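Chemist: This structure is in structure tokens; I'll ask about it shortly.
The values are calculated or read from the model by the stated rules, or taken from the named source; none is laboratory data. Just so you know, these numbers come straight off a predicted model, no measurement behind them. Cβ sites come from the backbone with ideal geometry, for glycine too, and all protein chains shown count toward neighbours. Please note that ligands, DNA and RNA were not included when accessible areas were found on the heavy atoms of the full protein model with its side chains. Shrake-Rupley method; radii C 1.70, N 1.55, O 1.52, S 1.80 Å.
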Amino acid sequence: MVMRFSPSISKECVAVPDSLIEPHGGELIDLIVGTDRGDELRAASRDWPSWDLTERQLCDLELLLNGSFSPLRGFLSRDDYETVCSGMRLGDGTLWPMPVMLDVTADVAESLSAGSTLALRDPEGVMLAVVHVDDVWQPDLPAEAEAVFGTSNPEHPGIAFLLEQANPHYVGGRVEGLQLPVHYDFRLLRKTPAETRAEFARLGWRKVVAFQTRNPMHRAHVELTRRAAAETEANLLIHPVVGMTKPGDVDHYTRVRAYEAIIDRYPHNTAQIALLNLAMRMGGPREAIWHAIIRKNHGCTHLIVGRDHAGPGSDSQGNPFYGPYDAQELVTEHEAELGVTMVPFKMMVYVEDRDAYLPIDEVPKGVRTLSISGTELRDRLASGKEIPGWFSYPEVARELRRTHPPRAKQGVTVFFTGLSGSGKSTIANALLVKLLEMGGRPVTLLDGDVVRKNLSSELGFSKEHRDLNILRIGYVASEITKNGGIAICAPIAPYDSVRKQNRALIEPLGGYILVHVATPLEVCEQRDRKGLYAKARAGIIKEFTGISDPYEEPEDADLVIDTTSTSPDEAANAVILHLEHLGYVTGNGADS
Ligand code: PPS
């Protein structure tokens, strides 16, 4: 049976090349210098300014140093940057779609000029490389975003990164490397282009089709890659990105264990896994060209380009950032120049009657198909529901379940906010003992007063200090949540933006529930159990929340409780019921 991927592939009979594909630009770049030069650079670095590389820059530097970004020999100069942004080409005309930039702060930029040298260091301070500076300039980041990503929508993760996280100055220049960044995980699977090429040469792999992925591979992906390899009569390189992917993606540890678990599903010795420490930009069409260049440098002759390749999906209004096949179109335009053959594929769907996967355009009309979206998969994991065998393999489902337990086994933070005397601590204490009585998970109470005696003992009540206090509580709660415990927090937390920062930190790690203890000020003041309101009214205590300092009512509370006429027992019970409603505690106890 002949499988059809695209007319161009099914018609052509591709000859087996007698040597590996040429790197992009003709030469595989290796920027690591010899020992003597390394010693020379280390000694001279005493007088140079240093830059501590960001997470993204560490990824970019690694791929520059090991030749994945051939023909680049450093971070883009201003001229190259401008032509890359405007026309996807370096100054010399070589196709290059993505800016690879060294962004620095204003103070570091001020210490540099053309001709200076900058030492690049990893987070521990180890010098990995130097940049011989050609240009230092302040780029127009919104213009770059628009040119590279084809939109100015700040919800695009590549644009959000540029506008919110990138530093405001760029430094361009040639790089000399002393050593590659160190990785302690999956060492045997991390391969430089020289290593994949050497391995392909040794194994006699001349035609290699690369599969780029940032997701776990389920049956659809395995079927698709098997078909792609069979159709092109090529070996398969599963080449997952383990650097930076889209925020919220499954972590690379889980994914790599899952890739390792399915490698035996391919015909023996025909497929391999290699990990790529790329920082993705989610740039859709341009990024697809970039992926092709990177795979070419690793010795791959073909690249699978799927639906919405390297795209970030849709914005919050449901509008897709790119058309589903925009990436395929752009790669097709440049395929001849790239020298990498695209293996395009449509979305694969499961055809129940045949118990098989088919590209959606090959499914006969009226036939029932099944698919599970990423969101549905996350929901199934969270609720502990079955992951059907037609969708994934038991070994992949097992790995996902290990790191994505159902909600009843995930950590959760219950964050109370409200005025002094509103009843936060009392409800929090009642909740603590009720959860301990249920059992199953460790429970920690971070009460406002108690935290101020230890974690935040040196802090006062200025906005700055209050925010710091809440961020500290949030950090501790995030660690507890990440490790499967329950954190109950009960500070006043009067400011909205810092509460939101905590939510953003904690939510991806488990549950986060904001409870507004909305007891009115008059009631709190009337109770005045600690006599603080009287002192605040008398001006003895300054900056007192509700009296002489603001309290910003939350608009994003998951639960609102007014203790004017609610007992602590009732209030704690309402929280437990809400946790149960969300699945964080089950009817039989927290550990079931
Ligand atoms: S904050 O704003 O969230 O950092 O405050 P928090 O850490 O919860 O600390 C509030 C407790 O400190 C006592 N206290 C004050 N509260 C508000 N404003 C001022 N100026 C102040 N000075 C001291 C007070 O006992 C608070 O405890 P609770 O349990 O809320 O009454």
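Chemist: Largest first, what is the accessible-area ranking of D528, D326 with a 1.4 Å probe?
Modeler: Ranked list, largest accessible area first: D326, D528.
Chemist: Bin width 10 Å, alpha-carbon pairs only: give the P(r) of the chain as whole percents, running from 0 to the bin holding the largest distance.
Modeler: 3, 14, 21, 21, 19, 13, 6, 2, 0, 0
Chemist: Using only alpha carbons, build the gyration tensor for region 495-579 and give me the equivalent ellipsoid semi-axes, biggest first, whole Å.
Modeler: Those come to 27, 19, 9 Å.
Chemist: If the only charges are +1 at each Lys and Arg Cβ and -1 at each Asp and Glu Cβ, what is the size of the charge dipole of region 393-511 around the Cα centre, to the nearest 20 debye?
Modeler: 240
Chemist: Please give the FRET efficiency for E479 paired with N573, using the beta carbon to beta carbon distance and R0 = 41 Å, rounded to the nearest 0.05.
Modeler: The computed FRET efficiency comes out at 0.90.
Chemist: Need one value: the accessible area of K542 in square angstrom, 1.4 angstrom probe, rounded to the nearest 10.
Modeler: Only protein atoms counted, so the area is about 140 Å².
Chemist: Another question, then. Tell me which of T196, Y253, L521 sits at the most positive position along the dipole axis of the chain, charges placed on C-beta atoms (Lys, Arg +1; Asp, Glu -1).
Modeler: Highest projection toward the positive end goes to Y253.
Chemist: Lysines within cross-link reach of K346: Cα-Cα under 28 Å, excluding same-chain residues under 8 positions apart?
Modeler: Answer for K346, where 28 Å is the Cα cut-off: K11, K207, K246, K296, K365, listed by chain and number.
Chemist: Stokes-Einstein diffusion coefficient for region 54-145 at 4 °C in a medium of 1.567 mPa s, Rh from the Kirkwood formula over Cα pairs: what value in µm²/s?
Modeler: Rounded to a whole number, D works out at 92 µm²/s.
Chemist: For region 118-178, state what percent of all Cα-Cα pairs lands in each successive 5 Å bin, counting from 0 Å until the bin that includes the largest distance.
Modeler: 4, 16, 19, 16, 17, 15, 10, 2
Chemist: If I histogram all Cα-Cα distances within region 319-401 using bins 10 Å wide from 0, what percent of pairs lands in each bin?
Modeler: 14, 31, 32, 20, 3
Chemist: On a C-alpha basis, how far is the centre of region 81-129 from the centre of region 393-422 in Å? Whole number, if you could?
Modeler: 40
Chemist: A further question follows. What fraction, in whole percent, of alpha-carbon pairs in region 466-508 exceed 17 Å separation?
Modeler: 21
Chemist: Using the Kirkwood formula over every pair of different C-alpha atoms, what hydrodynamic radius in Å results for region 231-384?
Modeler: Kirkwood radius, region 231-384: 17.4 Å.
Chemist: Taking the Kirkwood radius as the inverse of the mean 1/r across Cα pairs, report the Rg/Rh of region 161-314.
Modeler: Dividing the radius of gyration by the Kirkwood radius yields 0.97.
Chemist: How big is the charge dipole of the chain about its Cα centre, in debye rounded to the nearest 20, if each Lys and Arg gets +1 on its Cβ and each Asp and Glu gets -1 on its Cβ?
Modeler: 1740
Chemist: What are the equivalent ellipsoid semi-axes of region 425-476, built from the alpha-carbon gyration tensor (square roots of five times its eigenvalues), in whole angstrom, biggest first?
Modeler: 26, 11, 8
Chemist: Mind listing the Cα extents of region 228-322 along all three principal axes, in Å, largest one first?
Modeler: Projected onto the principal axes, the Cα atoms of region 228-322 cover 45, 27, 22 Å.
Chemist: Tell me which residues come under 5 Å, amide H to amide H, from I372 once H is placed; ignore anything under 5 positions away on its chain.
Modeler: Amide H neighbours of I372, under 5 Å, 5+ apart: none.
Chemist: Quick one: what Rg and Dmax do you get for region 354-439 from the alpha carbons, in Å?
Modeler: Here Rg and the maximum Cα pair distance are 21.5, 67 Å.
Chemist: How much accessible area per residue does the chain have, counting only protein heavy atoms and a probe of 1.4 Å, in square angstrom?
Modeler: Ligands and nucleic acids excluded, the result is 44 Å² per residue.
Chemist: For K530, go through the lysines and keep the ones whose alpha-carbon is under 23 Å away, minus same-chain ones fewer than eight residues off.
Modeler: In chain and number order, the partners are K424, K453, K463, K542.
Chemist: Also, quick follow-up: On the full set of protein chains, 1.4 Å probe, figure out the accessible area of S77 and give it in Å² to the nearest 10.
Modeler: 30
Chemist: Over all directions, average the projected area of the Cα convex hull of region 359-509 and note it in nm².
Modeler: Across all orientations, region 359-509 yields a mean hull projection of 12.8 nm².
Chemist: Give me the distance between the Cα centres of region 169-192 and region 333-358, rounded to whole Å.
Modeler: 32
Chemist: K409: which lysines have alpha carbons under 16 Å from its alpha carbon, excluding same-chain residues fewer than 8 sequence positions away?
Modeler: K385, K482
Chemist: Moving to a separate point now. Would you kindly calculate the translational diffusion coefficient of region 183-260, applying Stokes-Einstein with the Kirkwood radius from alpha carbon pairs, for 37 °C and a viscosity of 0.692 mPa s, and quote it in µm² s⁻¹ without decimals?
Modeler: 239
Chemist: With each label point set 7 Å from Cα along the Cα-Cβ vector, what nm distance links T369 and Q138?
Modeler: With each label placed 7 Å out from Cα toward Cβ, I get 5.1 nm.
Chemist: Apply the Karplus curve 6.51 cos²θ - 1.76 cosθ + 1.60, θ = phi - 60°, to the phi angles in region 163-176 and return the couplings in whole Hz, x for Gly and Pro.
Modeler: Calculated HN-Hα couplings, in order: 7, 10, 10, 5, 7, x, 10, 10, 10, x, x, 5, 10, 10 Hz.
Chemist: In whole Hz, with x marking every Gly and Pro, tabulate ³J(HN,Hα) for region 416-426 from phi via Karplus 6.51 cos²θ - 1.76 cosθ + 1.60, θ = phi - 60°.
Modeler: Karplus values, whole Hz, x for Gly and Pro: 8, 9, x, 5, 4, x, 6, x, 4, 5, 5.
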